[in-house]
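Only one structure is covered here, and it is reproduced in the block below.
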Amino acid sequence: MYNRIKKRNGEQFAKQIKDYHNGIFDIPKINEICYYAGRNAEPLLPYLISLLNKDDECQNNPDYFGDLIEKAGYNWVIADTMEKQDSIKKYFKSNEELCTFGTKRFESHYMVNVWKKNAENIDREETPTRDGEYGTSVMSIQMAKNGGFISIKNRYNHAAPSCDNTLNSNPDNIIAGLSDALKRHFNVDFSSQKVEIVGNYHIVNNVIINYNYEIGGCFIGPDSYVSDGEIVKVDPNKELIIDYFLLDVPKKTLSVIPKNHEDGFVEAFNEEVKDKTIRISKKPNDIQRDGEFLIIKEK
């Protein structure tokens, strides 16, 4: 297993795991769990150890999820229409509104919006904190209808770091038993992250995704992205991710990965390369030749 992870994630990644706890290599499907995790295992080690010690016993909690949310001090609504989805918008500052508002996210995700019963009277902190009282006073719990994906978004939105992973995206951190109750009610499954991974990581179908950009609920990494709760791996033989764009090299066309997101750079790029040959190089000091468009790709 060491060699399999080394081949995909690099020698440093595999060695960091080995030096921390060799037993991590015995976790079932550990190579799949780490496949999209990048090349630095250091931020992942506490989480991976939690998988080694994971207690898979079902909670068998019969409580209705709504009763648990109310017990935690929140009002709530199942956001299955645009009106319900956007009903919490009034609690957000204009420059901190969720990218969910105004979209049809409710069509692809089961969503439960929650807000503290005294949300209007909760003051902001001097420094926004994702899991603080203000940030968690209004939240949107979003679960992909096809399963495997959950994200809890908070009132500060992107004014606080890792805002799409509020409370580790674990409903049990709102109140014990809520994860199981939500899974049971909506008939979906997802990984409840009990230990936080610090940095740009998200969990989809128990797989760790290392991403560079999060736009409109889409998580974009160097060679894959997550859209509507599903991992999409680009074809390395003809496709290349550049920031949050996808380049089809043979067709010489660039497109924006996040749905319903427009960017003027796309038209300018496509016009620039239409009469040129696109060449991709891993040499940092490579020089562009006449009649070509050179892209330097990091190793």
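Here is a check on your reading of the model: is Gly102 in contact (Cβ under 8 Å) with a residue 12 or more places away in the chain, under 24 Å from the mean Cα position of the chain (by Cα) and at positive phi? Considered against the rule, which asks whether it is in contact (Cβ under 8 Å) with a residue 12 or more places away in the chain, under 24 Å from the mean Cα position of the chain (by Cα) and at positive phi, Gly102 comes out as yes. Do you know which residues across region 71-93 are assigned to a loop (DSSP other than H, G, I, E, B) and either within 17 Å of Thr136 (Cβ to Cβ) or of a type outside the set (A, V, I, L, M, F, W, C) (or both)? Result: Ala72, Gly73, Asp80, Thr81, Asp86, Ser87, Ile88, Phe92, Lys93. Would you say Ile175 is β-branched (Val, Ile, Thr), buried (at least 17 other Cβ atoms within 10 Å of the Cβ), out of contact with any Phe, Trp or Tyr (no Cβ under 6 Å at 6 or more places or on another chain) and within 24 Å of Glu230 (Cβ to Cβ)? No: the conditions fail for Ile175. Restricting attention to region 94-141, the residues being in a helix (DSSP H, G or I) and either outside the structural domain of Phe186 (by TED's automatic domain parsing) or aliphatic (A, V, I, L, M) (or both) number 1. Looking for something touching a residue at least 60 places away in the same chain (Cβ under 8 Å) and either surrounded by fewer than 17 Cβ atoms within 10 Å (Cβ to Cβ) or among the aliphatic types (A, V, I, L, M) (or both) - is there at least one such residue anywhere in region 112-120? Yes. For region 142-150, the count of residues that are within 27 Å of Asn75 (Cβ to Cβ), hydrophobic (A, V, I, L, M, F, W, C) and out of contact with any strand residue (DSSP E or B) (no Cβ under 8 Å at 6 or more places or on another chain) is zero. Counting only residues that are in a strand (DSSP E or B) and in contact with a Ser or Thr (Cβ under 8 Å, 6 or more places away or on another chain), region 144-177 holds 7 of them. For region 227-259, filtering for residues that are closer than 24 Å to Glu214 by Cβ and exposed (fewer than 11 other Cβ atoms within 10 Å of the Cβ) leaves 2. Apart from one condition, Phe65 fits all of (1) modelled with pLDDT of 95 or more; (2) surrounded by fewer than 16 Cβ atoms within 10 Å (Cβ to Cβ); (3) not charged (D, E, K, R); the exception is (2).
Please enumerate the residues belonging to region 107-131 that are modelled with pLDDT under 95 and of a type in the set (Gly, Ala, Ser). Residue satisfying the conditions is Ser108 alone. Of all residues in region 160-198, those satisfying the criterion of being under 22 Å from Pro43 (Cα atoms) and of a type in the set (A, V, I, L, M) are Ala160, Leu167, Val195, Ile197, Val198.
For region 260-299, taking the residues that are within 30 Å of Gly10 (Cβ to Cβ) and exposed (fewer than 11 other Cβ atoms within 10 Å of the Cβ), the one that is modelled with the lowest pLDDT is identified as Lys299.
The values are calculated or read from the model by the stated rules, or taken from the named source; none is laboratory data. Just so it is clear, the structure is predicted and the values come from calculations on it, not from any experiment. Every residue, glycine as well, gets a Cβ built from its backbone with ideal geometry; the counts of neighbours run over all protein chains shown.
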